[in-house]
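This report concerns only the one structure given below.
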Amino acid sequence: MRSSQKISLLIVVGVALLAWGLSSLAGRRVETSSLTEEGKLMIKKVEKTDEEWKALLTPEQFRVLRRKGTERAFTGIYNDRYEPGLYVCAACGNPLFSSETKYDHGTGWPSFADAVRPGAVTFHEDSSFMMNRTEVRCAACGSHLGHVFDDGPPPTGRRYCINSVALDFKSAGADKDAVPAGKTETAIFAAGCFWGVEDKFRRVPGVLSTEVGYTGGRTKNPTYKQVCSNTTGHAEAVRLVFDPGRVSYEDLVRLFFKLHDPTQLNRQGPDVGTQYRSAVFALDKAQEETAQRVKSELDRSGAFGRPIVTEIVPAAEFYLAEEYHQQYFEKRRRRDGGNPDECGGDACGR
Ligand SMILES: [Zn+2]
């Protein structure tokens with residue numbers, strides 16, 4: 001090795017060591033650092049006095065962000081918003097959550113499956129109100145955002161339950177109306193009482209909207225009462241619009257098989273009748289093939305111990321159910337609190 005090469009090598013090693021030293025220093029301060037678009041590590045700590053925050057924030061923002069308050073459930077402006085974009089800290093603008101991991105957990109607060117990047121938020125033990133919870137704060141300004149729980153959807157399994165008022169939303173572009181037209185897909189599943197089925201699908205990141213209705217039968221414009229009488233041939237079904245860039249039809253089919261018992265013929269638990277049958281209503285050949293393939297695979301694997309009776313048929317006309325059935329559990333939570341998640345066999349009694 002020539003001496004000039006040795007010198008270059010020394011310089012390279014020196015720079016590497018310096019970078020390592022700096023990064024480990026920065027690592028200790030990761031709670032106050034954030035990545036720029038170029039991916040550089042940059043300390044961007046925001047510190048203000050209470051007086052300065054009060055001048056900057058609304059009283060409600062100050063109460064939640066700076067006094068660890070909680071907004072009332074179902075009152076926040078971002079609870080039901082799903083257009084693409086970035087949620088930033090309402091106090092300091094630090095990017096916190098992407099709309100890509102936003103989903104509906106039915107709690108009345110915006111739910112996210114992950115932070116937009118590691119280090120965007122910090123975690124703190126919180127034993128207030130006789131509960132052991134993990135508080136989530138903005139890593140840049142230390143403002144209170146909400147809490148994180150471990151009952152979220154895969155793959156993270158996490159649920160960041162965040163106050164709307166702690167967030168500002170930056171739309172992804174001029175097109176604020178969600179995924180560009182033509183880029184969404186629709187799926188229709190029947191898996192027993194549609195209240196619970198819709199509630200579960202609504203929580204899947206990438207599912208943009210859901211509706212419950214009746215399909216697969218003979219009667220035109222059926223009512224709930226007619227469908228309950230088990231004479232219309234219709235199944236209680238959920239129609240969902242999803243972004244295939246975020247969740248595939250196959251993922252949804254697999255989830256469909258997981259969230260009910262596809263070996264029960266014309267019933268789900270206490271709910272008995274053909275309106276509760278297990279069915280995939282395929283909107284095209286590709287959906288039909290995917291559903292058949294997953295069904296055969298699960299059958300072969302013996303996953304359910306008994307043969308799967310799910311019918312896979314071409315989608316027919318879908319009749320929207322009455323308004324009070326739409327997002328039924330969410331409405332009940334909003335009205336009664338608590339966490340209803342079972343139809344309990346009383347579906348047709350209402
Ligand atoms: Zn902040």
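The values are calculated or read from the model by the stated rules, or taken from the named source; none is laboratory data. Just so it is clear, the structure is predicted and the values come from calculations on it, not from any experiment. When we count neighbours, we look across all protein chains shown, and the Cβ atoms used for this are built from the backbone with ideal geometry, even at glycine.
Going by what's in this entry, would Gly233 be described as assigned to a helix (DSSP H, G or I), small (Gly, Ala, Ser), outside the structural domain of Ala139 (by TED's automatic domain parsing) and touching a helix residue (DSSP H, G or I) at 6+ places or on another chain (Cβ under 9 Å)? No. Sub-8 Å Cβ pairs linking a first residue in segment 141-161 that is closer than 16 Å to Ala73 by Cα and at pLDDT 95 or above to a second residue that is within 15 Å of the ligand (Cβ to nearest atom) and not in a strand (DSSP E or B), at least 6 apart or interchain, are Leu145/Leu65; Leu145/Asn163; Leu145/Ala166; Gly146/Asn163; Gly146/Ala166; Tyr160/Ala115, ordered by first then second residue.
Scanning segment 129-149 for residues that are over 13 Å from Arg67 (Cα atoms) and not hydrophobic (A, V, I, L, M, F, W, C) returns Asn132, Arg133, Thr134, His147.
For segment 198-219, the candidate set comprises residues that are in a loop (DSSP other than H, G, I, E, B) and modelled with pLDDT of 90 or more; within that set, the residue that is surrounded by the fewest Cβ atoms within 10 Å (Cβ to Cβ) is Arg218. Return a yes/no flag: does segment 290-310 have any residue that is charged (D, E, K, R), within 26 Å of the chain's Cα centre (by Cα) and loosely packed, with under 13 Cβ neighbours inside 10 Å. Scanning segment 290-310, I find no residue that is charged (D, E, K, R), within 26 Å of the chain's Cα centre (by Cα) and loosely packed, with under 13 Cβ neighbours inside 10 Å, so the answer is no.
Only one of (1) over 29 Å from the mean Cα position of the chain (by Cα); (2) surrounded by 16 or more Cβ atoms within 10 Å (Cβ to Cβ); (3) in contact (Cβ under 8 Å) with a residue 12 or more places away in the chain fails for Ala282. Which number is that? Result: Ala282 fails condition (1) only. Among residues of segment 117-128 being modelled with pLDDT under 90 and touching a helix residue (DSSP H, G or I) at 6+ places or on another chain (Cβ under 9 Å), the one that is farthest from Leu240 (Cα to Cα) is Gly119.
For segment 270-304, filtering for residues that are closer than 25 Å to Trp195 by Cα and part of a loop (DSSP other than H, G, I, E, B) leaves 5. Of the strands (runs of 3 or more DSSP E) contained entirely in segment 57-145, those carrying at least 1 residues that are more than 19 Å from the chain's Cα centre (by Cα) fall at 85-89, 121-126, 133-138. Determine if segment 93-107 includes at least one residue that is within 16 Å of the ligand (Cβ to nearest atom), within 21 Å of Glu60 (Cβ to Cβ) and at pLDDT below 90. Within segment 93-107 (the criterion being within 16 Å of the ligand (Cβ to nearest atom), within 21 Å of Glu60 (Cβ to Cβ) and at pLDDT below 90), the answer is yes, since at least one residue qualifies. Pairing each residue of segment 87-98 that is assigned by TED's automatic domain parsing to the domain that holds Gln61 with any residue that is near the ligand (Cβ under 8 Å from one of its atoms) and at pLDDT below 90, provided the two are 6+ apart or on different chains, yields C-beta distances under 7 Å for Val88/Asn94; Cys92/Val46. For segment 75-92, the candidate set comprises residues that are among the small types (Gly, Ala, Ser) and under 13 Å from Ser164 (Cα atoms); within that set, the residue that is farthest from the ligand (Cβ to nearest atom) is Gly76. The residue pairs whose first member lies in segment 229-244 and is over 14 Å from Asn266 (Cα atoms), whose second member is acidic (Asp, Glu), and whose beta carbons are closer than 7 Å, counting only pairs six or more residues apart or on different chains, are Val238/Glu198; Arg239/Glu211; Phe242/Glu185; Pro244/Glu185.
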